[in-house]
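The structure appears right after this line, and notes come after that.
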Amino acid sequence: MTQLLAARAQQVVALEVDPELARKLRQEFASKPRIEFLEADILLTDLASLCRRYQRERCYVFGNLPYYITSPILHHLLGYAQWIHGMGLVMQREVAERICALPGSRPYGYLTVLTQLDTNPRIEFGIPPGAFSPPPKVDSALVTF
């Protein structure tokens, strides 16, 4: 995802909580000056400050969400809705379906309402486990907001 974004965006700021992985990514992308890797936890990151740092009124957020903390990350990101122009997030398919559910449907619930208050989520496509290394035990999906 970082590689694709770097080819198209003016500036990519990638957050990675794992210091070793952040170090490896910095080495891998050393020749790409438009990519900056920050060792940071998205749940502790002030997105408004990050936007101001790069003199942006609003930014785009892309990411592969760790499945076990998808809800807390969504809560955090939605708290910065006024600073976010759009998002593309890879998440567990079941959560994606819950987020995009219609009123009255079985998966419709709290997370659906919370997300749909400020966004218009849409599942763009499914992603099979084999697309990841190591492969998860669940299907994934890209959701745009």
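Structural remarks
- Any chance residue 132 is among the aromatic types (Phe, Trp, Tyr), at pLDDT below 95 and either within 29 Å of residue 49 (Cβ to Cβ) or loosely packed, with under 14 Cβ neighbours inside 10 Å (or both): yes
- Looking across the stretch 25-45 at every residue that is under 20 Å from the mean Cα position of the chain (by Cα) and without any contact (Cβ under 8 Å) to a residue 12 or more places away in the chain, the one that is nearest to residue 69 (Cα to Cα) is identified as 44.
- Any chance residue 111 is of a type in the set (A, V, I, L, M, F, W, C), without any contact (Cβ under 8 Å) to a residue 40 or more places away in the chain and at negative phi: no
- Filtering the stretch 95-145 to residues that are assigned to a helix (DSSP H, G or I), closer than 17 Å to residue 63 by Cα and of a type in the set (D, E, K, R) leaves nothing.
- Candidates 80, 67 - the one that is at negative phi, in contact with a strand residue (DSSP E or B) (Cβ under 9 Å, 6 or more places away or on another chain) and at pLDDT below 95: 67
- Residues of the stretch 62-92 that are over 18 Å from residue 117 (Cβ atoms), in a helix (DSSP H, G or I) and not aromatic (Phe, Trp, Tyr): 69 alone.
- The requirement of being within 22 Å of residue 133 (Cα to Cα) and within 17 Å of the chain's Cα centre (by Cα) is satisfied by residue 88.
- For residue 36, the criteria (1) in a helix (DSSP H, G or I); (2) modelled with pLDDT under 95 hold in every case but one, which is (1).
- Among the residues of the stretch 58-72, at least one is over 14 Å from the mean Cα position of the chain (by Cα), within 25 Å of residue 3 (Cβ to Cβ) and free of Cβ contacts under 8 Å to residues at least 60 places away in the same chain.
- Filter pass, residue 139 being under 17 Å from the mean Cα position of the chain (by Cα) and at pLDDT below 95: no
The values are calculated or read from the model by the stated rules, or taken from the named source; none is laboratory data. Predicted model only: the values in this text are computed from it and were never measured. In this analysis, Cβ positions are derived from the backbone assuming ideal geometry, glycine residues included, and neighbour counts consider all displayed protein chains.
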